[in-house]
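Encoded as structure tokens, the structure appears first; notes follow it.
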Amino acid sequence: MKQKLGIIIAGVIVGLVSVCLGHYGNPGNMQLCVACFIRDTAGALGLHRAEAVQYIRPEIMGIILGSFVIGLIKKDFAPKGGSSPFTRFLLGICVMVGALIFLGCPTRMVLRIAGGDMNALVGLVGFAGGILTGIVFLNRGFSLKRSYDQPFAEGLGMPFVNVLLIVALIAAPAFIFFSESGPGSIHAPFLISLIGALIVGVVAQRSRLCFIAGVRDVVLFKDFHMLIGFAVILGVVFAGNLITGRFNFGFDGQPVAHNEWLWNILGLYLVGFGSTLLGGCPMRQLVMAGTGNSDSAVTILGYLVGAALVHNFGLASSAAGTTGNGRIAFFVCVIIVFAIAVMNSKKVSAN
């Protein structure tokens, strides 16, 4: 009962923070999107030159640092890593490709549904299908092998980098890029974004909130408690959108979204499949990196590089729809993820 209450409280808090971030200036239905915000940060650092999506998003830094601080307080900060780092890096790239075909991570999928975007509800089918595919391989013994305890200083790396990013955002040196138009130019005030994300980092760390786990635990363990958190966020943001007049039901005219139903399904299928093999959704990876998990830190670097590749090679979708290059990249990434799943499954390896 205590565990269920904890996930409900976490869902309410994450939902309220998301509503506030949207109200104070973040793009529509993108109040708290890990994939989109890593993409914007990659652009700000000059890793891609898509001028419409360049801004160091303090939400990313806040989630990691919130998790870091509460991890130290609760003695959950435990540096470890070494579990197939390059494989995790590749999976991170593939997950980002899928997310930017759909135009959002699992968190944004929920926020888009709560905002009335039915394209995201269609995409949910693919997300669930990707998780179920990953579960098939988990049942076949899939593993990226064990991680190992690491020095305390190793776990400080990701929090330290994110402190530097906050400094870069405040100082705004000439080598940092900022969008003058497009989604990257639309954002809540710095302190509201940072404080809101710090709160999300704390509650996500304590509740172990994860959109992948919500579906995985139901299938494997008949445990619905994580899925309840998923539903609570949806309900809170839905209510918030109704109150603030931001609810827009339908397929057309949705902010930063397209209505190519097949590719919404396929993009989130890739996200669900890859994230299941990684052991958590993008938000969960931020939280784990904050508590010293260098495997998650490597995964985040994969997201960052993936975001740069997507925009440098014209793979990203837009309101106009998907691109030919993006569709090709999807199939390449699915092949890579299936190959990783097969080669790391015990029942296959034993033959």
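A short reminder: the numbers here are calculations on the coordinates, not readings from a lab. A quick note: this is a predicted structure, and the numbers were derived from the prediction, not measured. Because the Cβ atoms are built from the backbone with ideal geometry, glycine has one as well, and the counts that use them run over all protein chains shown.
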Members of segment 198-241 found to be in a helix (DSSP H, G or I), over 17 Å from GLY6 (Cβ atoms) and basic (Lys, Arg), listed by number: ARG216
Helices (runs of 4 or more DSSP H) (entirely within segment 41-157) containing at least 3 residues that are farther than 27 Å from ILE265 by Cα, of a type in the set (A, V, I, L, M) and out of contact with any Gly (no Cβ under 6 Å at 6 or more places or on another chain): 58-73
Unique residue being of a type in the set (A, V, I, L, M, F, W, C) and crowded, with 18+ Cβ neighbours inside 10 Å when the list is ALA239, ALA174, ALA197, ALA168: ALA197
Set LEU286, LEU315, LEU309, LEU304: member being in contact (Cβ under 8 Å) with a residue 60 or more places away in the chain and not in a helix (DSSP H, G or I): LEU315
Count - residues of segment 265-291 that are of a type outside the set (Ser, Thr, Tyr) and more than 15 Å from CYS33 (Cβ to Cβ): 14
Subset of segment 242-259 [surrounded by fewer than 19 Cβ atoms within 10 Å (Cβ to Cβ) and in a loop (DSSP other than H, G, I, E, B)]: GLY245, PHE247, ASN248, PHE249, PHE251, ASP252, GLY253, PRO255, ASN259
Test result for GLY253, free of Cβ contacts under 8 Å to residues at least 24 places away in the same chain, under 30 Å from THR323 (Cα atoms) and among the small types (Gly, Ala, Ser): yes
Qualifying residue in segment 221-231 (condition: basic (Lys, Arg), without any contact (Cβ under 8 Å) to a residue 12 or more places away in the chain and at positive phi): yes
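Could you say which residue among ILE8, ILE13 is buried (at least 21 other Cβ atoms within 10 Å of the Cβ) and within 28 Å of PHE249 (Cβ to Cβ)?
ILE13
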Subset of segment 18-70 (residues that are β-branched (Val, Ile, Thr) and in contact with a strand residue (DSSP E or B) (Cβ under 8 Å, 6 or more places away or on another chain)): none
